[in-house]
Amino acid sequence: MAYAIVAPCTGCWACMPLCPNKAIHPHGKKFTIREPLCTECEGEFDDPQCASICPVEEAIVDETGKPLNPRGSLTGIPADY
Amino acid sequence: MPLCASSDRQRTTQHPCYTPEAREHHARLHLAVAPACNIQCHYCNRKYDCTNESRPGVVSELLTPEQALARVEAVRKRLPNLTVVGIAGPGDALANPERLWTTCRGIRERFADLTLCLSTNGLALPEQVGQIQKLGIHHVTITMNTLDPTVAANIYPWIFWDHRRLKGVEATRILIANQLAGLDALVAAGVLVKVNSVLIPGVNHDHLAELNLEISHRGAFLHNIMPMISDPAHGTYYGLMGYRGPDEAQLQAVRDGCAGEVTQMTHCRQCRADAIGLLDEDQGPTLEREWMHGHGKIISIHPHTMETEATDTLRIAVASQTGSHVDQHFGHARVFTLYDVHDGDVRQVGMVETDRYCHGDDACGDNDSLLERALRALEGCDAVLCERIGFSPWQALETAGIQPVNRYAGIEITLALKQYWATTRQRHPRQKRIRRAV
Ligand code: SF4
Ligand code: SF4
């Protein structure tokens, strides 16, 4: 059970300090989640912290590759734009 | 407002953002140490590092607190009139408390005479006022765009608060309440508070007069109503959805409609979070390149390619602050990067400096001669790509046979050059020109 940070990440640093398990680390100019450390914040917070502050749509995905913040959900810019 | 202690008053009279007269003499440095943000604004695109020239929140290089202190040291050597160090982004200063306070403590310890100032959206302000006071920070800017949560919900799509992402009026009620509580606490602590408001026609133009009165009652020191910067190329919600900034008359009308006793500030240059220098002359990019290349000499990158007889290769100059995107106003550019472009092939061939003979003294630097210098520097170029350009330089360039192009504002340079080559080659299939050495 773990989330992953994928290509759209812009490396804004917002998520890293919030992770209760210190699972998020810089990786080049972007960030990555150390899979074994990520609990999806279960038992710690109602919402996964990284995905709750990440400003970039589709930057964080679940194990099936589904974005936690799909296109259009954060900026309000329609997904087909 | 009670009279400031004399040192505070001196600090303020030397602060170029707070005192118009200070602009010419006192320089400021903005340190980009705060990457994260805790809210989203519809006029900001956090996806891109750098799209928009001189847009607040836009910055090319993130500094660690240690790097930031080294930068202060280096800039002070170059600009002895440096009086103000500000932290304004590229995210929200207070959303990065560790980086922020480490930097501020370092500056306080090593450069006690410098004035420190901060900018914030206000969300985290109430919990941080103690620190602000403790570090002797006398100037804080809060960006407030409306007092009405419903209006605010059209400006801020979400906030991150108490471990959750909140949207709609649930979010904006908290944001506005914190902005006001923060303002009160700062005023009570004797901090001078500037309120920045972004005028967004069709969204908050009818709400700024009310805001102006409210912040006046609460003791804000300055109110700075700024025109929104919006362009589809920047990829912001407002840019893409067709919202546009106000024209001069609209801006003036809103400013005139504000009746509160707070002083309005009209000399703001909307500087970037990593701006350096006097307000009118952002020296950031210049100094940046000097650090890269040493001693202010701009070096040609591939001298052997400077002299070529072109077939249908275009030589294009690009005005860029960041070096990665077309993001500089023509008139602000002191350095142009030259590229030779042929089909998909883009090659950086050198750089030219336009004020190579200017040492900033009174003997040089009127606008005409600067323009002339730019024209000389760009001689032999087919086009110049910039973010924006004034009317008379546009004409002068065209007359000199150099095509000014501003339609790639905010676009990544290589992409812009390829697109420009593709669209113009059809019109001018063969360009023959002897290149001169740079
Ligand atoms: S979901 Fe929670 S535990 Fe996993 S990386 Fe994100 S913040 Fe850390
Ligand atoms: S918050 Fe999102 S964009 Fe920012 S570093 Fe984390 S994953 Fe990347």
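Here is how the numbers come out for the structure above:
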item	result
Members of segment A:1-19 that become less accessible by 40 Å² or more once partner protein chains are added (1.4 angstrom probe, chain alone as reference)	A:THR10, A:CYS12, A:TRP13
Members of B:LYS77/B:LYS194; A:LYS29/A:LYS66; A:LYS66/B:LYS167 lying beyond 25 Å, as alpha-carbon distances in this model show	B:LYS77/B:LYS194
Over chain A: helical MRE at 222 nm, DSSP H runs n ≥ 4 each giving -39500 (n - 2.57), nearest 500	-1000 deg cm²/dmol
Stokes-Einstein D in µm²/s, Kirkwood radius over Cα pairs - segment B:103-253 at 4 °C with 1.567 mPa s viscosity	78 µm²/s
Threshold 40 Å² - residues in segment B:234-249 whose accessible area is reduced by that much or more when the chain is no longer isolated, probe 1.4 Å	B:TYR237, B:LEU240, B:MET241
Taking the C-alpha atoms of segment B:151-237, convex hull volume expressed per residue in Å³	115 Å³
Rule-of-thumb Rg ratio for segment A:4-61 [Cα; 2.2 N^0.38 Å; N residues]	0.99
Accessible area that becomes buried as A packs against B, both chains, 1.4 Å probe, Å², nearest 100	1800 Å²
Accessible surface, chain A, averaged per residue in Å² (probe 1.4 Å)	53 Å²
Accessible area per residue in Å² at 1.4 Å probe, computed on segment B:87-157	32 Å²
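The values are calculated or read from the model by the stated rules, or taken from the named source; none is laboratory data. As the structure is a computational prediction, the values presented were derived from the model and not from experiment. Calculation scope for accessible area: heavy atoms of the full protein, side chains included, ligands and nucleic acids excluded. Shrake-Rupley method; radii C 1.70, N 1.55, O 1.52, S 1.80 Å.
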